[in-house]
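A short worksheet on the structure shown next.
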Amino acid sequence: MSATPSQQLYEEIEGAYDWFNEKLFGGQLPGCIFTLQRKANTFGYFSPSRFLRRNGAGKSDEIALNCAYFAHRRIDQTLSTLAHEQVHQWQDHFGTRSRSGYHNREWANKMKSIGLMPSDTGEPGGKQCGQQMTHYIIEGGAFAVACQELIEQGGMLSWIDVVTQRVAMSATKLYGPDGKLVEQPVADPTIDILALTSAGLLTPATNPEDPKNKRKYTCPSCHLNLWGKPGLSGRVQCVDCEVLFVDSKELVEVPADPSPS
């Protein structure tokens, strides 16, 4: 009997956790319960001792991954989020936990030791400690090497969410199962381009260095924003309000974008 989609995806995530635990953490980590979430403005999170066995005979940490971003990030980027949360788990069990939500120097040093560079901007030069932190993959580092070996084995993050309403509307790239950028039109049946574009969540990738290639569009009803190529005004519909997006310049007043939490 073949695995169900749920079994397949969770087995892939657990397999990646075990792989990184062995390759990057010396097998120290105790395991955890994995969940898929769609929490806004986060790729994932770690919660210590979040689950208790009903009979009181044990407890487990939680690592959550935001499946709404699976389609819009390379596989190695999503797996780097998993490793990022594993560092939090390592610190909780073997280091010194800092105040809630804060990423301290011990965490930053451990991140660098496994090949992930902490950065509050996600780019070189960002702050390495702080309340809201992300990272980027160090080229040639331990994570990059281990992750490439894992991906080459195949069968990793085989299922992606195509109703990604919590993905930032500026996301204009889609990555396929091979980790390569998908160009439209595409004949790959494993990627539902129609579902993404009809929801207003995907537009053809453009040259980000040319400001003429991106315009801001707004739903006149709920003021949701998206960015895309020129000429989309009146052609893309808001799935919640059933109202067509218009060029933001056509509106008298557009609320400021909410700041990330």
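No value in this document is a laboratory result; all are computed from the given coordinates. None of these values were measured; they are calculated from a predicted model. Heads up, the Cβs are rebuilt from the backbone with ideal geometry, glycines too, and the neighbour counts pull from every protein chain shown.
Below is a table of values for the structure above.
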{"read-out": "Hz values of 3J(HN,Hα) by residue in region 98-115 - Karplus curve (6.51, -1.76, 1.60), Gly and Pro given as x", "value": "9, 5, 3, x, 8, 10, 8, 5, 4, 4, 4, 5, 5, 4, 5, 5, 9, x"}
{"read-out": "Contour minus Cα-Cα distance for His93 and Ser221 (0.36 nm per residue)", "value": "41.3 nm"}
{"read-out": "Placed amide H near Gly130: partners under 5 Å, 5+ positions off or other chain", "value": "His103"}
{"read-out": "Overall Cα dimensions of region 1-84 - principal axes, largest extent first, Å", "value": "40, 36, 28"}
{"read-out": "Region 5-152, dipole about Cα centre (Lys/Arg Cβ +1, Asp/Glu Cβ -1), debye to the nearest 20", "value": "680"}
{"read-out": "Vicinal HN-Hα couplings computed from phi for region 144-153 (Karplus, 6.51 cos²θ - 1.76 cosθ + 1.60; Hz; Gly/Pro x)", "value": "4, 5, 5, 5, 4, 4, 5, 5, 5, 6"}
{"read-out": "Dimensionless Rg over Rh [region 5-152; C-alpha; Kirkwood]", "value": "0.94"}
{"read-out": "By average C-beta atoms within 10 angstrom, highest first, the peptides 18-25, 62-69", "value": "62-69, 18-25"}
{"read-out": "Residue-span extension gain [Ser158 to Val246] - 0.36 nm each, minus C-alpha spacing", "value": "28.2 nm"}
{"read-out": "Members of Lys39/Lys127; Lys127/Lys229; Lys112/Lys216; Lys110/Lys214 lying beyond 28 Å, as alpha-carbon distances in this model show", "value": "Lys127/Lys229; Lys112/Lys216; Lys110/Lys214"}
{"read-out": "Förster radius 25 Å - calculated FRET efficiency between Glu11 and Gln148, Cβ distance, rounded to 0.05", "value": "0.80"}
